[in-house]
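The values are calculated or read from the model by the stated rules, or taken from the named source; none is laboratory data. On a predicted model such as this, the values are computed, not experimentally measured, just so you know. We place every Cβ from the backbone using ideal geometry, glycine too, and count neighbours over all the protein chains shown.
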């Protein structure tokens, strides 16, 4: 079976979801390369492997907990040995935010060519190196260091939040330009890999339309070092089942407490806040992760539950501000819970239960 042949070295038991959102397939194809090759800490890549699932504009990324722990502990030791390093890291992140946004602003009225695209990717790599540092170090700091340094990290994280939307805006503009050139829907243009996009710029060649359509419907990108494998269709289902593990749901899920409290409400599973309808006061927001465009829903929600996230994720920051129960890092809440399920959120214990 193809899955066994190509997936053997990906069959670990400790996969953990590290983010979820509305990033394009094209963006995901570069993220994986960054994670397993381009972004390094202490000479080691951020991740040894990563898996990114994609379906109709929604994506989520999985890494091994071992990789996450190795990075977090390495970064925490740097900060613990030199607290001034924390301020430096936060300032570096904010500087990279200014740099990448300035670059995007400078290209607003330009037709994006290969040179501009590659410069954009260089900026993305520079930015995400600092973003990853800030995002992961806080979950591994000793309690006394975290209490003292969290305000600095939180300020930098909030400052950086706009980058996610602006980089996808850049990709949307790029896709719109190519769509007109090829007479191909822009959502299919965004299903090119980074390497395929380069081939388009150089040779005006892209994969068949039906293959891009399959990727858009359901696909998975597997990264190990510089290697990329893209699979579609039923292979994706097998990977979800064999690697992520979709069996054994007992009606409740555990996660990390971002803000304590209890709530009962109707589950609203929202993958794209721009498409959310009829979200009511007192509903429980269930999401892969949240971003600023979720804020209007979060103000109505009785509680937040997310698949991914850490101390500095958007949901945790907003929960502390709004003082609403919030459980993060559940891994599979958006898979197991359905719209309309009645949920009991116990953020004192970190448990979400279907009742």
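Quick check: is even one residue across the range 205-215 modelled with pLDDT of 95 or more and under 19 Å from the mean Cα position of the chain (by Cα)?
yes
Of all residues in the range 188-228, which are touching a helix residue (DSSP H, G or I) at 6+ places or on another chain (Cβ under 9 Å), under 23 Å from residue 110 (Cβ atoms) and surrounded by 14 or more Cβ atoms within 10 Å (Cβ to Cβ)?
189, 190, 192, 194, 196, 197, 198, 200, 201, 206
When you scan the range 39-53, do you find a residue that is surrounded by fewer than 18 Cβ atoms within 10 Å (Cβ to Cβ), in contact (Cβ under 8 Å) with a residue 12 or more places away in the chain, part of a helix (DSSP H, G or I) and not assigned by TED's automatic domain parsing to the domain that holds residue 294, even just one?
no
Out of all the residues in the range 284-303, which are farther than 21 Å from residue 162 by Cα and in contact with a helix residue (DSSP H, G or I) (Cβ under 7 Å, 6 or more places away or on another chain)? Step through it out loud before you land on a result.
Let us first name the residues in the range 284-303 that are farther than 21 Å from residue 162 by Cα, namely 284-286, 300-303.
Correct list: 285, 286.
Quick one: in the range 81-91, of everything that is surrounded by fewer than 18 Cβ atoms within 10 Å (Cβ to Cβ) and touching a helix residue (DSSP H, G or I) at 6+ places or on another chain (Cβ under 9 Å), which residue is modelled with the highest pLDDT?
Only one residue tops the list, namely 91.
Can you name every residue in the range 203-228 that is within 14 Å of residue 191 (Cα to Cα) and in contact (Cβ under 8 Å) with a residue 24 or more places away in the chain?
Hits for the range 203-228 are 206, 209, 212, 213, 215, 216, 217, 218, 219, 220, 221.
Filter the range 96-118 down to residues that are surrounded by 14 or more Cβ atoms within 10 Å (Cβ to Cβ) and part of a helix (DSSP H, G or I), then give me how many there are.
Step one: list which residues in the range 96-118 are surrounded by 14 or more Cβ atoms within 10 Å (Cβ to Cβ), which gives 96-97, 100-101, 103-104, 107, 112, 116-117.
In the following step, the residues that additionally are part of a helix (DSSP H, G or I) were identified as 96-97, 100-101, 103-104, 116-117.
Qualifying residue count, the range 96-118: 8.
So which of 200, 159 is assigned by TED's automatic domain parsing to the domain that holds residue 99 and within 26 Å of residue 72 (Cα to Cα)? If you could, list the steps in order and put the result at the bottom.
Values: 200 fails: within 26 Å of residue 72 (Cα to Cα).
One residue alone meets the criteria, 159.
In this structure, does residue 322 turn out to be more than 14 Å from residue 270 (Cα to Cα), surrounded by fewer than 18 Cβ atoms within 10 Å (Cβ to Cβ) and over 22 Å from the mean Cα position of the chain (by Cα)?
Details: more than 14 Å from residue 270 (Cα to Cα): yes; surrounded by fewer than 18 Cβ atoms within 10 Å (Cβ to Cβ): yes; over 22 Å from the mean Cα position of the chain (by Cα): yes.
In short, yes.
Can you find even one residue in the range 246-254 that is out of contact with any strand residue (DSSP E or B) (no Cβ under 7 Å at 6 or more places or on another chain) and not in a loop (DSSP other than H, G, I, E, B)? Break it down into steps so the answer makes sense when it comes.
First pass over the range 246-254, keeping only residues out of contact with any strand residue (DSSP E or B) (no Cβ under 7 Å at 6 or more places or on another chain): 246-250.
Among the residues that remain, those that are also not in a loop (DSSP other than H, G, I, E, B) are: none.
No, the range 246-254 contains no residue that is out of contact with any strand residue (DSSP E or B) (no Cβ under 7 Å at 6 or more places or on another chain) and not in a loop (DSSP other than H, G, I, E, B).
For residue 280, are the conditions met, namely being part of a loop (DSSP other than H, G, I, E, B) and touching a residue at least 12 places away in the same chain (Cβ under 8 Å)? Even if it seems obvious, please write down each step before you answer.
Working: part of a loop (DSSP other than H, G, I, E, B): yes; touching a residue at least 12 places away in the same chain (Cβ under 8 Å): yes.
Yes: the conditions hold for residue 280.
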